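Below is one structure, written out as structure tokens, with a few remarks after it.
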Amino acid sequence: MLETRSKPAGRERWLSADEIKAVERACPVEWWPLVAMLIYTGLRVGEAQGLVGEDVRLAERRVSIHEGNRHVKTPSSVRDVPIPEPLAEILGNHFVRFPAGPADPVFPPPLGDYRTLRRTWGRICEAAGVHGATLHDCRHTFGVHCAQAGVPIARLQKLLGHATPAMALRYMKHAPEAYFAEDAAKVAASLTGELDREREARVAAARASLRTA
């Protein structure tokens, strides 16, 4: 069963882009792929440390979290998570150093040991001048930056493997105000029929271009 760790209720700690860069600079090279996986995907620590080679598909740019070789936290935790380009490069270099067959751990010992990771994280944060951040805050960091980038709540819920939308709603207060105005404009366009007229105009223009081609 996936090990759970106690977390203070209502924690509001996440890393800024500058703090992430500081963590990368302070992180030992062999540990950075695992730390980057936590930051860039929002995986739970147990999910990341439980990955085997077949779970990480670099060609498809995705990580699969499933019941195949571990007990996930909840049924909603079963999901595919995208691998962004910066992480793909990091993992590519990691697999050169630590080749993993389909059933081999992606993060072999000592990388796959939670207590060792926790101690290493503490030393990284101290060296980086990052204060008050736990390993689980890497997951919060992903959630907050998703919200700031305008990722919709339904997609954020799926990315994080949350059981209910309410669990992902905590991040929505970090969404930029500009998206609220943009969303309101989209709703107004639908309510007034303007959105339908725009679609019809695009279809007509496409048909016209085909006739003249």
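Table: residues versus (1) within 15 Å of V45 (Cβ to Cβ); (2) at pLDDT 95 or above; (3) in contact with a strand residue (DSSP E or B) (Cβ under 6 Å, 6 or more places away or on another chain).
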{"site": "F107", "(1), (2), (3)": "yes, yes, no"}
{"site": "L111", "(1), (2), (3)": "yes, yes, no"}
{"site": "R123", "(1), (2), (3)": "no, yes, no"}
{"site": "C138", "(1), (2), (3)": "yes, yes, no"}
{"site": "G150", "(1), (2), (3)": "no, no, no"}
{"site": "L160", "(1), (2), (3)": "yes, no, no"}
{"site": "P176", "(1), (2), (3)": "no, no, no"}
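Close contacts from region 81-106, counting a first residue that is within 12 Å of V56 (Cβ to Cβ) and assigned by TED's automatic domain parsing to the domain that holds L34 and a second that is of a type in the set (V, I, T) and assigned to a helix (DSSP H, G or I), with Cβ to Cβ under 6 Å and a gap of 6+ residues or different chains, come to V81/T41.
Scanning region 21-42 for residues that are at pLDDT 95 or above and not in a helix (DSSP H, G or I) yields C27, P28, V29, E30, W31.
Looking at region 51-69, which of the residues that are farther than 27 Å from S16 by Cα and of a type in the set (G, A, S) is modelled with the lowest pLDDT? Talk me through it step by step, then tell me what you get.
Initially, region 51-69 is screened for residues farther than 27 Å from S16 by Cα, giving 52-55, 57, 59-60, 66-69.
Adding the requirement that they be of a type in the set (G, A, S) leaves 53, 59, 68.
Working: G53: 95, A59: 94, G68: 67.
Filtering first and then ranking leaves G68.
The values are calculated or read from the model by the stated rules, or taken from the named source; none is laboratory data. Keep in mind it's a predicted model, so treat the numbers as computed, not measured. Here the Cβ is made from the backbone with ideal geometry for all residues, glycine too, and neighbour counts use every protein chain on show.
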